Structures are given as structure tokens and as C-alpha cells.
Amino acid sequence: MSDTISVHGSRRPMTVLVNGTPLVEYTEAECGRDLMDIAGSFRVSYFPRASLAPFGPATPVSQTAIAEASRITEHDTVEVRVHGQTVLKGSVDDVQIRVDGDRFQAAISGRDVTGDMVDCHANPTGPGEYRQITLANLVQSIASPFGIAVTTDVDIGAPFTLVALEPAETAMAAIERHSRQRGILVTSDGVGGVVLTTSGRTRAPDALRLPGNVHAMEARVSSRGLFSDVWVKGAFKSLSRPSKAPLQAGSAPLSELLSSDANGSDPAQQEAAAILRWGHSINPAVRRYRPRVWLAATQSGGSAATQQSANPVDPNTTTGAPAAGAYRAGSHKPRRKAMKPRSDSSPWTLQDQAEWRMRSTRAGASMRVYSVRGLKASGGLWLPNQLVLVQDNYLGIDADMLIGAVTWVDGQDGYRTRISVVDPDSFDLTGDDDTHHNGLRRTRRGRAFDGSSSTRTGS
């Protein structure tokens, strides 16, 4: 292993400041942001090699580096800059020091300021309920005690009819489950703010080409995170009931049971349709019967517009149940059809949550990480949530992909950037129009992912 780097921080393209003071020496440092984790993270390591004799003469190691490692404690503020641009502001979560014989190792790690919202709970002293509140105002109310600003660059939809926070859920969990109902992606800007946006609104400064500017690639595709059927189920308070009870105190009891109205609708069926809601997403590419169910776990999706819309029906069956028989051995049935994509005028329902679950789990089941030399491209920094053209001759990809995560690395083998890409619609609720090939998704290069928002109704 090479010697400890001994370069003044200002000469490095990556600068790490602790409590406002640049670290002069360290062995390795990396900093990254991931759409799946929301909070950005960093790690800085010091001389993992024979460097200190505890009871004898010190080996020729910089005492400045040893002093830097010993003065850093948890909760210290950290700022990471890449080519002069601040990409992360956070604090030290963990300090690790190990002495083993003549080996001394030290490392610090932590996250950006939104990490506290991932760990800690929302409104422990209240309020626990909001009515007629927009998503932006809800997120601002939850984030304000943490000193985190909220910005919005897309249409966030209509106000929620009712928001009920779970007493034991974290702040970020509450924000995530309500943003999902509006088709909004919650991301950290890394420097002290939360952004409500949609996926792929900007483009990367360069394409990823293999062979080409990519010097290393890792790929893994797993079926464990892929499901044939995804269900999201919930029960809500019916909003179809009259505001005034039909039976008042002191009035005579009804002489007969309620019957169908003038339109022939059964009141019991109307009540059940309003209360019992579900969404059902189908992945035709999964050739085994692998169903998965999530609970909505919130009353926030029960608007009048949502309850008046019909629950989805599987186009592959007339009963509304999953077609388990389509996956049995010996049957040669055609590939199942996916659910019909949403239209701009339809209200947001649990169907949208089911589609989101299907795509987000699919994104987690595939990993494609490309490494490029240097910490930025000629046009600027690589950043998460950018669309990037991937031309990979090994995986057979020539398509726009979405950057799901970026990690800037200052290591002993040089400076590099690790870029993880996912399908461009992994965090999108507006429907997709792509095809599959050999387990790897291909998207037409001409397709527009401009991030334009659409009018949304209901909750």
C-alpha cells in the first residue's frame, strides 16, 4: 500500500473541512449522494498501515495527520467541496480508531444534515394531524425543527384532505409516504435543504461510454427484488356519507331496511367501494408468480375524488385476482399485460403507490455502477437525479438512464467518480413506454424525459 498522502488541502480537488478547518492530510476520502438513501454520506480514512510504534520510536509519519485524527469528535461539523463547489454539509456520526501492534487506523464518517430526519421522529409533541395542507407546507412543518429548508420545483398537487402522522414514525418516513401520494421525489441537496422534485429534470454533463470514458463497471441483476404483482391496500373513512345523519335522536325508527337508490346502486356496495381501496401493479417481465403486498398505512389518500374512482381490475382475468395459473409449469400462456398507465386527468390513488413500489423495488434489484476518472466531467459535476446517455457495449445498453447515486472518491489510486444508474422511470409515477431485453431494460433514446409536471387531482 502506498504511503499516506501528504498534500495541502487547497491543492486537492476534494477538500474536507471539519469545524471550518481544512484537513491537511488523510489517506482516502469519499462523499456521495443516493436517491434511495436521501441523506448524503462521507467517509475519511487516515493511514491504514504500519505507522505508529506505541512504546517505541515513532515511525516517520506526519504528526499533523495524527493530531488531525485525534482532535475530531462526534457532532463536529463537516463540509466537503469538490473543485471548489460544496457538495455536502453535515456532521461526524462515527469516529473509529484502532491500534494493532504497530498499525494505527482512524476514520470518520457521517451524513449531511438530513440524516437527523432519517433517524429522528416527526413532531414528538404534536401536532399529529393536519387538514387541508399541501405537501410543501407539510414537509416544511416537519423539517423546520431540524433547521432544514424546503424548496419545490414542480407542481405538488392539491392539498391533502387529512394527514395523520404515526406516533413512532421518523420524520423522513412521514415525508416519504406522503410525497409518494403526489408522485413527488424527495431528495437532499446535500448542503442543508430538502428538494421536492421529479426524476430526470436535468441532464448529466457528459455521456457514459464503455469502452470510452468509463474505466470500470460493475453490474448485478437479481430476481429477488422483482415481483409479478404488487398490491397496496388501505381502508379509509368514507366521504360519500351525508354530512347529516339520516336518523336523528328522537325520530321514529326506520320501517324497513335501506334499499337501492334511484340509480340502482346498493348503499352497502357504495360504502365498501369508498372505504376499501387498493392498487395493483403488474410486471409482465417476471415469469414466476411472485406477489407482494404493502399497506398504505395512512388516511391521507381518502379524498372524494379518489373514493369515487374504481379500484383497478387485472386485465388478465375477469375476477380481479392475480392470475397465479399463468405461471404454473406446463402452461404456455402469453405474457401477462401490464396495468393501463394513468392519465393526467385521473386522481392519484393507491394504484399510483403500487406502480411506484413496483418501479422502486425493480431499481433496487439491478445495479449498474460506472467509474470514471476525475471528480467531474468537462461540463461540470456528476450529480444524482440527472439523465445520462449510457452507451455500454458489454451490457448492450444505448439509452438514457437516470443517475441514482454519485460517489466522489479521493483514493490512493487517484481521483474517480462512481456513478450508479437506474431505469429512467424508477421514481416516476406517470407510466412507462419501454421494453425489456435479456433482463436489462432498454429505453428509446428519442423519448423525452423533461420532467414536465402534469395537473393532479385528488389525494
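Observations, loosely collected:
- Counting 0.36 nm for each residue step from ASP100 to GLU129 and taking away their Cα separation leaves a gain of 5.1 nm.
- GluC sites (Glu not before Pro) within the range 72-149, DSSP loop, no more than 12 other Cβ atoms inside 10 Å: GLU74
- Rg to Rh, two decimals, where the range 117-197 supplies the alpha carbon set and Rh follows Kirkwood: 0.92
- Estimated FRET transfer efficiency when R0 is 41 angstrom, pair ASP76-LEU395 (beta carbons, to 0.05): 0.45
- Neighbour net charge for VAL195 - beta-carbon separation under 9 angstrom, K R +1, D E -1: -2
- Linear extension gain, MET36 paired with ASN19, 0.36 nm per residue minus alpha-carbon span: 3.3 nm
- Taking each residue as 0.36 nm, the span from ALA207 to THR152 lengthens on full extension beyond its C-alpha to C-alpha distance by 17.1 nm.
- Counted charge near ARG33, where neighbours are those whose Cβ lies closer than 11 Å (Asp, Glu -1; Lys, Arg +1): -3
- A cut-off of 5 Å between modelled amide H atoms, ignoring neighbours fewer than 5 places along the same chain, links GLN386 with ILE403.
The numbers here are math on the coordinates, done by the rules we state, and not lab data. The structure displayed is predicted, hence computed values, not measured ones. Virtual Cβ from ideal backbone geometry, glycine too; neighbours counted across all protein chains shown.
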